[in-house]
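I have placed the structure first, in the form of structure tokens, so that the comments after it can refer back to it.
The values are calculated or read from the model by the stated rules, or taken from the named source; none is laboratory data. Computed from a predicted model, the values in this text were never measured in an experiment. As a convention, Cβ positions derive from the backbone with ideal geometry for all residues, glycine included, and neighbour counts pool all protein chains shown.
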């Protein structure tokens, strides 16, 4: 079982089909352990209240509150310690993902952020992978 931190673009995959949704399903099935912080919960709340999610929420017959409750119920809430350095000066919210991962002792950060997080590749020994990369890796390991 991997210990993972998902950024909000992966967690919002709760509403989509595709790799991010499959990552969330792995957590729901108990195959991976998800760690989250209050900052990431607040960011997810903001994302889920964006107009582009309204139709998806209606089709799924879900509210942002229900999704947040589900995520918080399956995740381990951590209080991240400051990184002590600026890693991504252009997007402090991405540093919140890294701080959560470091504090949690995560194995992997799963992200769709091609601009800031994915180009890092890793941070303090924590791999940063796209949802597709992560799934390919764990599914390959599970087949062995």
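Yes/no matrix, rows are residues, columns are (1) within 22 Å of residue 129 (Cα to Cα); (2) surrounded by fewer than 17 Cβ atoms within 10 Å (Cβ to Cβ); (3) modelled with pLDDT of 95 or more; (4) out of contact with any strand residue (DSSP E or B) (no Cβ under 7 Å at 6 or more places or on another chain):
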| position | (1), (2), (3), (4) |
| --- | --- |
| 39 | yes, no, yes, yes |
| 42 | no, yes, yes, yes |
| 53 | no, no, no, yes |
| 62 | no, yes, no, yes |
| 97 | yes, no, yes, no |
| 109 | yes, no, yes, no |
| 114 | yes, yes, no, yes |
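Listed by first and then second residue, the pairs linking a residue in the range 114-125 that is under 13 Å from residue 86 (Cα atoms) to a residue that is surrounded by fewer than 10 Cβ atoms within 10 Å (Cβ to Cβ) and at pLDDT below 95, with Cβ atoms under 8 Å apart and 6 or more places separating them unless they lie on different chains, are 116/90.
Scanning the range 65-103 for residues that are assigned to a loop (DSSP other than H, G, I, E, B) and touching a residue at least 24 places away in the same chain (Cβ under 8 Å) yields 78, 79, 80, 87, 88, 90, 91. Look at residue 11 and say whether it is part of a helix (DSSP H, G or I), modelled with pLDDT of 95 or more and crowded, with 21+ Cβ neighbours inside 10 Å. So residue 11 does not fit the description; no.
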